[in-house]
Amino acid sequence: MAKVLTKYVCQSCGYVSPRWVGKCPNCSEWNTFVEEAPSPIRLSKKPTGAASKIEPVPMDQLDREDVPRVRTNIEEFDRVLGGGLVPGSLILLGGDPGIGKSTLMMQVALQLGNQIVLYITGEESVRQIKLRAERLEASATKNILLLAETNLDLILDVIERGTPDLIIVDSIQTMYRPGLESAPGSVSQVRESTALLLRLAKTRGIPIFVIGHVTKEGMIAGPRVIEHMVDTVLQFEGEAHYSYRILRALKNRFGSTNEIGIFEMHETGLREVKNPSEAFLSERRYGTSGSTVVSSIEGTRPILIEVQALVTPTSYGMPQRNTTGFDYRRLSLLLAVLEKRVGLHLGGYDVFVNIAGGVKIDEPAVDLGIATSITSSLRDVPVDSSCVAVGEIGLGGEIRTIGNIEKRVQEAAKLGFKRIVIPQNNVKGLKANGEIQIVGVDRIEKAMEELLG
Ligand code: TYD
Ligand code: MG
């Protein structure tokens, strides 16, 4: 009898080892190896006789055809997908538990009107799904078919019998193929399940969404190993305590990965935020120190966001530095530049920085806004509230050139701001915009003068 060889598979990257090891030699993660039995079934047989019939196609014989897309009529969603759903595409939707993935998918299903959507759930009962739909104030429809099942072979049977226009699998980590011995959620199950769904999507031309949870390490658990198999990877993110949710495409074979969709979670589901700048600035208080409006590029869109800083004397121990929505190390760097170039003494102060609305910004163009907010709070002088500030700050205190300056200026002008402070080098070549005064600055000291007087 053949010896059954078990193998150990890293649950983080899929690396296979014959022995258990503590640290993965491939991805350096600890304690990620799980014993998995070798798969007793071959998932795809090698083509034998059929192989002689397949032919490559000369490229010029292919017509140029535009991919027909199905619009979901949720504009923010369609845009991230690159203009709608492509038939036969497999899309992974990742995100933290509780962020609203199931809600988003249900809203998409409800929007599709007379298309047949098969919603497969391994996480909730069909009643729970119905309750969610009721919460979304949608009337029950016969076009959404609910199936609470995790055995993919049975699910495939169901799909063979009817022809749905769209399939939603919630979530890939709960699905399993009975032929494989490892538990649902393990790398081999997730990978095989995805391979099966991929074949289904391609052969039947049905678009399929698979939902995947992100682990605490921030990567899509298991699904990290399927990112290369799917056509599109969408990430749904947001801060737990804020209602804004951002949908990003991390990979998209049918569109750009630059676009983002912004939603707000309400009692009755997700609502599109069509004018993010207005939404993010809606709670701004005028005349308080430590607040600056920056123009940040999210995807291809400029968004105006308020950055806040609070600088207070340290009452005991080490001064604290705390950030929300902004890189901590970048803050340390900006503080060092402010000490050295502007002469602020921050050694005896706690510094808190917060990007309003729970948004995360990682582009250096917000440096100037953050430095201004810090200086404003320390001196307790409010920043001119009709002014926007953008620019990257270099270690020498110079204000460095940034990209997309025209879009940023336009957005500020559109929202009625009177003045925008930008890097000096960005000024030339910029078309004068009658409504807004453009002020170029080359040094941080100069910028502080302009913004704080
Ligand atoms: P859910 O879609 O279940 O998250 P996920 O599938 O990503 O785990 O939504 C989770 C949260 O959203 C839940 O805490 C409740 C909240 N929620 C609302 O605030 N309003 C709503 O209309 C719905 C349906 C959910
Ligand atoms: Mg869910």
Quiz prompt | Phi-based couplings in Hz for the range 132-147 (Karplus 6.51, -1.76, 1.60; Gly and Pro marked x) | solution = 5, 4, 5, 4, 7, 6, 9, 7, 4, 10, 7, 7, 9, 9, 9, 9
Practice problem: Rounded to whole Hz and in sequence order, give me ³J(HN,Hα) for the range 83-96 from the Karplus expression 6.51 cos²θ - 1.76 cosθ + 1.60, θ = phi - 60°, writing x for Gly and Pro. | Solution: x, x, 7, 9, x, x, 8, 10, 10, 9, 10, x, x, 4
Exercise. Over all alpha-carbon pairs in the range 132-250, figure out the percentage whose distance exceeds 25 Å.
Key: 30 percent
Exercise. Report the full-extension gain for the segment residue 143 to residue 327: residue separation times 0.36 nm, less the Cα-Cα distance, to one decimal in nm.
Key: 61.7 nm
Practice problem: Could you give the size of the charge dipole of the chain about its Cα centre, using +1 on the Cβ of each K and R and -1 on the Cβ of each D and E, expressed in debye and rounded to the nearest 20? | Solution: 800 debye
Quiz item: Which cross-chain or sequence-distant (5 or more) residues have an amide H under 5 Å from the amide H of residue 123, H modelled 1.01 Å from N in plane?
Solution: 171
Quiz item: Which distance in nm do the two modelled labels at residue 253 and residue 156 give, with both placed 7 Å along the Cα-to-Cβ direction?
Solution: 1.9 nm
Exercise. As a check on your grasp of the helix formula, calculate [θ] at 222 nm for the chain: sum -39500 (n - 2.57) over DSSP H runs of n ≥ 4, divide by the residue count, round to the nearest 500.
Key: -7000 deg cm²/dmol
Self-check item: Long-range HN-HN contacts of residue 94 with modeled amide H, under 5 Å
Solution: 212, 234, 235, 236
Quiz item: For labels at residue 62 and residue 13 in the simple 7 Å Cα→Cβ model, what's the distance in nm?
Solution: 3.2 nm
Practice problem: Eight or more residues apart or on different chains, and alpha-carbon atoms under 22 Å: count the Lys pairs in the range 349-453 matching that. | Solution: 10
Quiz item: Of 262, 68, 25, whose Cα points farthest to the positive end of the dipole of the chain (charges on the beta-carbon: +1 Lys, Arg; -1 Asp, Glu; origin at the Cα centre)?
Solution: 25
Quiz item: Going by accessible area, probe 1.4 Å, with all protein chains left in place, what is the ranking of 209, 254, largest first?
Solution: 254, 209
Quiz item: In nm, to one decimal, how far is the residue 28 label point from the residue 228 one, both placed 7 Å along Cα→Cβ?
Solution: 2.0 nm
Quiz item: Near the amide H of residue 359, under 5 Å away, which other amide H atoms are found, from residues 5 or more places off or on another chain, if H is placed in the peptide plane?
Solution: none
Quiz item: Once the whole set of protein chains is in place, how much accessible area is left on residue 312, using a 1.4 Å probe, in Å² to the nearest 10?
Solution: 50 Å²
Quiz item: Over the chain, what number does the Rg to Rh ratio reach, with both radii from the alpha-carbon atoms and Rh per Kirkwood?
Solution: 1.05
Quiz item: Using heavy-atom solvent-accessible surface (probe 1.4 Å) with all chains present, what is the largest-first order of 213, 345, 228, 241?
Solution: 241, 345, 228, 213
Quiz item: What list of ³J(HN,Hα) couplings, whole Hz, do you get for the range 278-285 from phi and the Karplus terms 6.51, -1.76, 1.60, once you set θ to phi - 60° and write x for glycine and proline?
Solution: 4, 5, 6, 9, 5, 9, 5, 9
Quiz item: What accessible area, in Å² to the nearest ten, does a 1.4 Å probe give for residue 23?
Solution: 90 Å²
Exercise. Could you tell me what percent of the DSSP beta bridges with both partners in the chain are antiparallel, to the nearest 5?
Key: 50 percent
Exercise. Taking the chain as the reference, fit the longest principal axis to its C-alpha atoms, fit the long axis of helix 101-111 to the helix C-alpha atoms, and give the angle between the two in degrees, 0 to 90, nearest 10.
Key: 80 degrees
Self-check item: Descending semi-axes in Å of the range 70-274, equivalent ellipsoid built from Cα gyration tensor
Solution: 23, 20, 17
Quiz item: For the range 97-174 and the range 293-330, what is the separation of their C-alpha centers, rounded to whole Å?
Solution: 40 Å
Quiz item: Exactly which trypsin sites (Lys or Arg not before Pro) in the range 276-322 are in a DSSP loop and have at most 16 other Cβ atoms within 10 Å?
Solution: 284, 285
Quiz item: What part of the accessible area of the chain, given as a whole %, is carbon or sulfur when the probe is 1.4 angstrom?
Solution: 50 percent
Self-check item: Net charge of neighbours whose Cβ lies under 15 Å from the Cβ of residue 262, counting Lys and Arg as +1 and Asp and Glu as -1
Solution: -4
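Using a probe radius of 1.4 Å on heavy atoms only, what accessible surface per residue do you get for the chain? Whole Å² is fine. If you can, show how the numbers build up before the last one.
Values: 22310 Å² over 453 residues.
Solvent-accessible surface per residue comes out at 49 Å².
The values are calculated or read from the model by the stated rules, or taken from the named source; none is laboratory data. This is a predicted model, so every value here is computed, not measured. Ideal geometry is used to build each Cβ from the backbone, glycine not excepted, and the neighbour counts take in all protein chains shown. Side chains are part of the model used for accessible areas, which takes the heavy atoms of the whole protein and leaves out ligands, DNA and RNA. Shrake-Rupley method; radii C 1.70, N 1.55, O 1.52, S 1.80 Å.
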